[in-house]
Every structure is written in structure tokens, then in C-alpha cells.
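Worksheet: the structure to be examined is printed underneath.
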Amino acid sequence: MEKYAYSSKYVWKVENFSKLDKGRQESQVFCAGNQKWKIELHPMGTGVGAGDHLSLFLALGDSTVESVKVYAEFTLRILDQVGAKHRSFQAKYWFRRPSDGWGWPRFVSLSKLNEPGTGFLVNDACVVEAEVTVLGIFKPL
């Protein structure tokens, strides 16, 4: 396993939030630790969060890395655009393939997301941030 400690931060402004399709939304692909990543957002939730939560996941953004395993520490965050009381969660995970995202089906309740005082939705836009540190990469011989 190759050891790394490359960090990167990516900010995604999701505009016209109320008009989004209920299914999965994906950020543009971004780079961190020499790997391609994407954020997956489910505006109406998925899994145990379906219907009453916003769900957020991090996934590999390169469909050609089927045999590579990437160990990463990451934080996903929804920014409070008014008072800087952001909502965030952190995890470490072995990403094995692009379809193998990791995150939180109950990231924030839709009622909390829509509360004017939280600052999560301002002018029908929310801001999602990913901070990714690649800790190791395993490539088969």
C-alpha cells in the first residue's frame, strides 16, 4: 500500500434547490490526493433518510479505477451561509469502486434544512463542502 496524506477541499453551490429532481444529484468531479471524487446529494433523502432527510455521500469520480482501493478520511459539510454554524460529519473509509460511495442518509432533516434561521438554504441555494485526505492507495500487483 502506498501511503499518502494529500488533502483537498471542494465547495459545491447547489442552486435552484427547490427545483431539483428528487433523485441523486452529483457535483462536478474534483481532485484530491491524485484521485477523482464527486459528492452525491439526495435532496429528498435515500435509504433510511428517504422522504424526510437530505442525504450526502462521497464517491470516487473515476469509473476506470475498479482494481484500486483508496483509503480516505473525509468531512462533508453543509455551510450555514448566515451564521457559520455549519453541519458536518467525518469518516474514514476504503473506497473500492466508483459506485461504492460512503456517507450519511440522514445528514440533515428537511425541516431543519428549510428553517430560515439555520442559513442552510439562502436564496434557494445550499453550499456543500467536501474535505478529503487520501491516506493510502492499494494497487494489486
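Numbers at a glance
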read-out	value
Net charge of neighbours whose Cβ lies under 12 Å from the Cβ of PHE30, counting Lys and Arg as +1 and Asp and Glu as -1	-1
Equivalent ellipsoid semi-axes, the stretch 10-89, via Cα gyration tensor eigenvalues times 5, rooted, Å	23, 16, 12
222 nm mean residue ellipticity, helices alone, for the chain (DSSP H n ≥ 4; -39,500 (n - 2.57); rounded to 500)	-500 deg cm²/dmol
Accessible solvent surface per residue of the chain, calculated while the other protein chains remain in place, 1.4 angstrom probe, Å²	54
Sulfur and carbon atoms: percent of accessible area, the stretch 38-112 [1.4 Å]	48
Debye log10 I(q)/I(0) for the chain, one point scatterer per Cα, at q = 0.12, 0.16 Å⁻¹	-0.47, -0.80
Relative contact order [Cα under 8 Å, 6+ residues apart], the chain, whole percent	34
Only Lys, Arg (+1) and Asp, Glu (-1) charged, at Cβ; the chain dipole about Cα centre in debye	280
Contact order relative to length of the stretch 31-108, as percent, for alpha carbon pairs under 8 angstrom and 6 or more apart	34
Probe 1.4 Å, all protein chains present, accessible-area order of VAL29, VAL68, VAL132, largest first	VAL29, VAL68, VAL132
Relative packing of peptides 87-96, 16-25 - highest average C-beta neighbours within 10 Å first	87-96, 16-25
Span per principal axis, largest first, for the Cα atoms of the stretch 87-140 (Å)	50, 18, 17
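The values are calculated or read from the model by the stated rules, or taken from the named source; none is laboratory data. What you see is a predicted model; the values in this text were computed from it and never measured. Virtual Cβ from ideal backbone geometry, glycine too; neighbours counted across all protein chains shown. Heavy atoms of the whole protein, side chains included, go into the accessibility calculation; ligands, DNA and RNA do not. Shrake-Rupley method; radii C 1.70, N 1.55, O 1.52, S 1.80 Å.
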